[in-house]
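The values are calculated or read from the model by the stated rules, or taken from the named source; none is laboratory data. Computed from a prediction, not measured in an experiment: that's the story for all the values here. All Cβ positions, glycine included, derive from the backbone under ideal geometry; neighbour counts span all protein chains shown. In case anyone asks, the SASA skips ligands and DNA or RNA and just uses the protein heavy atoms, side chains included. Shrake-Rupley method; radii C 1.70, N 1.55, O 1.52, S 1.80 Å.
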Amino acid sequence: MVAFCPNNNEVHIYKSSQDHWERLHVLEKHDQIVSGIDWSSKSNKIVTVSHDRNSYVWSLEGGEWVPTLVILRLNRAALCVQWSPKENKFAVGSGAKTVCICYYEQENNWWVSKLIRKRHESSVTNVAWHPNNVLLATTSTDGKCRVFSTFIKGVDTKDSKAGSPAESKFGEQILQLDLSYSWAFGVKWSPSGNTLAYVGHSSMIYFVDEVGPSPLAQSVAFRDLPLRDVLFISEKMVIGVGYDSNPMVFVADDTGIWSFIRYIGEKKAESSSASYSSQFSEAFTKLYGQSKATTANEASESSKSGGGVHDNCINSIVSLSKAGSPKVMRFSTSGLDGKIAIWNLENMQEELGHQFQ
């Protein structure tokens with residue numbers, strides 16, 4: 001099944017039935033456009049957020065989806081939402097420069113929200129949970145990517161490693177990345193949580209290793225239009241989607257250097273990875289530690305294939321693999337053209353086999 005918003009205040013749920021899709025439910029509770037949806041795989045709950053500044057958690061009871069209001073205490077629109085890996089919390093980014101961390105209080109039978117304030121200088125465009133269920137990465141239109149601790153006593157358990165960032169108090173900023181000089185959009189963690197990737201409106205994608213006091217950063221520039229969202233297929237492979245309406249493949253070589261390889265659905269360009277990128281060191285004044293940057297070779301021609309599945313900007317990419325899986329073989333994309341597409345990478349596994357390891 002799939003849940004999506006058709007650019008209004010409704011959420012439609014469809015079920016795949018042989019060779020067609022059948023609409024089962026229409027969730028109508030929000031007053032304005034729905035800006036974020038996330039469906040939990042374990043508890044089978046749907047969380048939605050909207051420009052009306054509210055959030056609802058939907059539970060399936062007797063064949064009907066029943067909403068529970070979550071008070072977010074926002075004075076601007078809610079823009080994005082995501083369940084945590086353990087599905088006992090969810091995070092909401094907003095236009096109020098804040099992030100709401102919501103969790104369920106069993107004794108009071110309601111959802112409570114705690115706010116991370118005074119850090120973001122503009123709207124929070126995306127949120128991504130670390131596999132440890134505590135660290136949260138955010139991107140913002142102030143051009144920065146940040147990592148926060150969301151540790152809540154009674155909800156989370158302390159990390160066994162003394163001094164771990166997961167033990168930091170709620171709302172403490174672990175890291176701020178100033179790699180992008182334009183709006184920052186999609187952000188994701190790798191399956192192990194060791195690498196962070198996010199994209200900017202300047203046609204660049206950023207990779208950060210060893211997230212902490214001394215991170216290592218890389219930036220990969222490409223010639224085409226900016227990306228809006230990213231997804232880790234494996235530790236060494238990332239899919240980016242955006243305004244070019246065709247998913248882009250980025251891979252890391254044995255030395256950890258990332259580069260753009262190809263668009264999905266076309267043959268690999270006849271060029272070595274060295275021709276796509278060159279490595280040079282650069283000190284980012286606002287980034288702690290060392291950094292590595294790579295830029296696309298301007299001599300390489302744009303290899304975007306025409307006649308793709310999408311006709312307009314792809315603004316979302318979602319994994320269709322089981323939670324915690326080290327590899328993603330299937331994912332879905334949705335775009336401003338009103339289409340939802342399901343992609344299967346098994347046919348590409350032979351060509352890109354070593355990146356799936």
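Just to confirm the filter: which GluC sites (Glu not before Pro) across the stretch 73-147 are DSSP coil and have at most 14 other Cβ within 10 angstrom of their Cβ?
Loop-located and lightly packed - Glu107, Glu121.
Near the amide H of Lys45, within less than 5 Å, lie the amide hydrogens of Ser40, all on another chain or at least 5 residues away, with H placed in the peptide plane.
Taking the average, over residues, of other Cβ atoms within 10 Å as the packing measure, peptides 59-67, 37-45 rank 37-45, 59-67 from highest down. Cross-link pairs exceeding 31 Å between alpha carbons, from the set Lys15/Lys118; Lys158/Lys339; Lys118/Lys339; Lys29/Lys114; Lys114/Lys144: Lys15/Lys118; Lys158/Lys339; Lys118/Lys339.
Per residue, how much accessible area does the stretch 102-249 have with a 1.4 Å probe, in Å²?
Working: 5600 Å² over 148 residues.
Per-residue accessible area for the stretch 102-249 comes out at 38 Å².
Accessible area ranking (1.4 Å probe, heavy atoms, ligands and nucleic acids excluded), largest first, for Tyr56, Tyr243, Tyr198: Tyr243, Tyr56, Tyr198.
Placing unit charges on each Cβ (+1 for Lys and Arg, -1 for Asp and Glu) gives the stretch 94-221 a dipole about its Cα centre, and among Asn126, Ala137, Asn109 the Cα reaching farthest toward its positive end belongs to Asn109. What separates the Cα centres of the stretch 309-335 and the stretch 53-102 is a distance of 21 Å.
For the stretch 63-202, what % of the accessible area comes from carbon and sulfur atoms, probe 1.4 Å? Show your work: numbers first, answer last.
Numbers: 2790 of 5890 Å².
Solvent-exposed carbon and sulfur of the stretch 63-202 make up 47 percent of the total.
Extending 7 Å from Cα along the Cβ direction at Ser214 and again at Glu64 yields two label points whose distance is 6.0 nm.
Near the amide H of Lys89, within less than 5 Å, lie the amide hydrogens of Ser84, all on another chain or at least 5 residues away, with H placed in the peptide plane. For Ser245, the residues whose amide H sits under 5 Å from its own are Ile314, ignoring neighbours fewer than 5 places away on the same chain, with H placed 1.01 Å from N. Taking 7 Å steps out from each Cα toward its Cβ at Lys327 and Glu107 produces label points 4.8 nm apart. Accessible area per residue (1.4 Å probe, heavy atoms of protein chains only) ranks Lys15, Lys158 as Lys158, Lys15, with the largest value leading.
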